[in-house]
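**Q** Right, I'll just put the structure down here and ask away after.
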Amino acid sequence: MKNIKALLDIEVAQLYLLFRHVTKAKEHILSAGEILGVHYNLMGVLGKRTKYQVKDIAQLSLKVTVEEKNGIERPEVNDSHVPQNLPLNDDVRLSTVEFSEEVNEKVSIAVTDQKLFVTIVQEMLIAKPQDELQTEELQPFIDMILDQKNTYSVRVVALLLRCKLESKSRRTIERSLGQCEEIIKSFKRENPHFLNRVSDVFGTGMPPMWKVETQYADLLLNIGLVKNALDIYLKIKLWEEVIVCYTILKLRHKAAEIIQEQLDTKPTVKLWCLLGNFISLKYKVTK
């Protein structure tokens, strides 16, 4: 019964995050953490971040403790058929920080607890400013989740969160790109069975496939693979991104055609403004 109450709190928190109601989401996150007996603390631990680092320096780490509570079930997780966690393959940086001492020795984080931590990361992404400090704070949470056995949904969401953080750095954007591609491929595989995939969707906020493809196309566009990104945008009908790609490819007439087609279907103020950027005529836009 307590498991159900904790899961309900996590799913309600996900719904509030969907509408960016951070305060309400935080209340349910704290409630779920209290029910599950999960406590965590960010702390500094000596470790190495690069392959050639000789001296250990302080690195941010996540210390997790889990209380044994009556009425809380923590079954074993079957992590077969989940997307592969790709290594970084960088000449300098390690895939994850190597600590001089084990922070969470012999701590097994159950799937419900993992969904709670996924929700915590998503809440922090919305609540905190997007800067390097945010990345440093979130990375230990994601590393901890991926270090456990995950269900399909938890693994996908954790990897996508890491992709989002790593897309900001030139040293990690390659893994981010490859990881998104691996996740998209996993959607198309027969295993795991669809019932095993959807069971955690509401507790993790796992996005639909077209949103993952959008994230992948955005990465392609960022590294200059405009034509590849355009193909994906056309497939999922993200017309504003299609217009951007056509503009970069110097196919302004194509962009104007797309805008005109969309105006004929569903005219909006933004489309009229975009059309004005591609033709010489002046339009007066009223709302």
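The values are calculated or read from the model by the stated rules, or taken from the named source; none is laboratory data. This one's a predicted model, so the numbers in the text were calculated from it and none came from an experiment. Neighbour counts run over all protein chains shown; Cβ positions are idealised from the backbone, glycine included.
**Q** Return a yes/no flag: does region 22-30 have any residue that is part of a loop (DSSP other than H, G, I, E, B) and surrounded by fewer than 16 Cβ atoms within 10 Å (Cβ to Cβ).
**A** no
**Q** Could I ask something else about it? Can you report the number of residues in region 262-273 which are loosely packed, with under 11 Cβ neighbours inside 10 Å and either in contact (Cβ under 8 Å) with a residue 40 or more places away in the chain or assigned to a helix (DSSP H, G or I) (or both)?
**A** Counting residues in region 262-273 that are loosely packed, with under 11 Cβ neighbours inside 10 Å and either in contact (Cβ under 8 Å) with a residue 40 or more places away in the chain or assigned to a helix (DSSP H, G or I) (or both) gives 3.
**Q** While we're on this one: Anything in region 205-233 that is within 16 Å of the chain's Cα centre (by Cα), part of a helix (DSSP H, G or I) and not acidic (Asp, Glu)? List them, or say none.
**A** Listed by number, the residues that qualify are Met209, Trp210, Lys211, Val212, Thr214, Gln215, Tyr216, Ala217, Leu219.
**Q** Among the residues that make up region 115-134, is at least one of them part of a loop (DSSP other than H, G, I, E, B) and surrounded by 15 or more Cβ atoms within 10 Å (Cβ to Cβ)?
**A** Scanning region 115-134, I find no residue that is part of a loop (DSSP other than H, G, I, E, B) and surrounded by 15 or more Cβ atoms within 10 Å (Cβ to Cβ), so the answer is no.
**Q** Between Lys48, Lys55, Lys5, which is basic (Lys, Arg) and without any contact (Cβ under 8 Å) to a residue 24 or more places away in the chain?
**A** Lys55
Rundown of residues vs (1) under 26 Å from Asn150 (Cβ atoms); (2) among the hydrophobic types (A, V, I, L, M, F, W, C); (3) under 17 Å from the mean Cα position of the chain (by Cα), yes/no style:
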| site | (1), (2), (3) |
| --- | --- |
| Ile184 | yes, yes, yes |
| His193 | yes, no, no |
| Ser199 | yes, no, no |
| Val244 | no, yes, no |
| Lys250 | no, no, no |
| Ile258 | no, yes, no |
| Pro267 | no, no, no |
| Trp272 | no, yes, no |
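Here's the yes/no breakdown for (1) more than 22 Å from Leu138 (Cβ to Cβ); (2) within 21 Å of the chain's Cα centre (by Cα):
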{"position": "Leu17", "(1), (2)": "no, yes"}
{"position": "Gly33", "(1), (2)": "no, no"}
{"position": "Val45", "(1), (2)": "no, no"}
{"position": "Asn78", "(1), (2)": "yes, no"}
{"position": "Val82", "(1), (2)": "no, yes"}
{"position": "Pro87", "(1), (2)": "no, yes"}
{"position": "Val92", "(1), (2)": "no, no"}
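**Q** Can you name the condition, by its number, that Ile184 falls short on among (1) assigned to a helix (DSSP H, G or I); (2) at pLDDT below 95?
**A** With (1) assigned to a helix (DSSP H, G or I); (2) at pLDDT below 95 applied to Ile184, the lone miss is (2).
**Q** Taking Lys26 as the residue in question, decide whether it is charged (D, E, K, R) and under 24 Å from Ala127 (Cβ atoms).
**A** Answer is yes for this residue.
**Q** Is at least one residue of region 72-84 assigned by TED's automatic domain parsing to the domain that holds Gln148, within 18 Å of Thr204 (Cα to Cα), in a loop (DSSP other than H, G, I, E, B) and of a type in the set (A, V, I, L, M, F, W, C)?
**A** So far as region 72-84 goes, yes, one or more of its residues are assigned by TED's automatic domain parsing to the domain that holds Gln148, within 18 Å of Thr204 (Cα to Cα), in a loop (DSSP other than H, G, I, E, B) and of a type in the set (A, V, I, L, M, F, W, C).
**Q** Among the residues of region 188-204, which ones are basic (Lys, Arg) and in a loop (DSSP other than H, G, I, E, B)?
**A** Selection gives Arg189 alone.
**Q** Also, quick follow-up: Are any residues in region 207-237 under 17 Å from Lys188 (Cα atoms) and in contact with a Phe, Trp or Tyr (Cβ under 6 Å, 6 or more places away or on another chain), and if so, which ones?
**A** Passing the criteria: Met209, Ile236.
**Q** Can you tell me which condition Cys245 does not meet? The list is (1) crowded, with 21+ Cβ neighbours inside 10 Å; (2) assigned by TED's automatic domain parsing to the domain that holds Glu11, and all the others hold.
**A** Condition not satisfied by Cys245: (2).
**Q** Ok, one more. Every residue in region 58-84 that is at pLDDT 90 or above, crowded, with 16+ Cβ neighbours inside 10 Å and closer than 28 Å to Leu195 by Cα, please.
**A** Passing the criteria: Val82, Pro83.
**Q** Please work out if Leu195 is of a type outside the set (Ser, Thr, Tyr) and not assigned by TED's automatic domain parsing to the domain that holds Arg155.
**A** Considered against the rule, which asks whether it is of a type outside the set (Ser, Thr, Tyr) and not assigned by TED's automatic domain parsing to the domain that holds Arg155, Leu195 comes out as no.
**Q** To continue, here is another question. Before we move on, is Glu68 part of a loop (DSSP other than H, G, I, E, B), out of contact with any helix residue (DSSP H, G or I) (no Cβ under 8 Å at 6 or more places or on another chain) and acidic (Asp, Glu)?
**A** yes
**Q** Which one of these does Lys55 not meet: (1) assigned to a loop (DSSP other than H, G, I, E, B); (2) under 27 Å from Ile173 (Cβ atoms)?
**A** (2)
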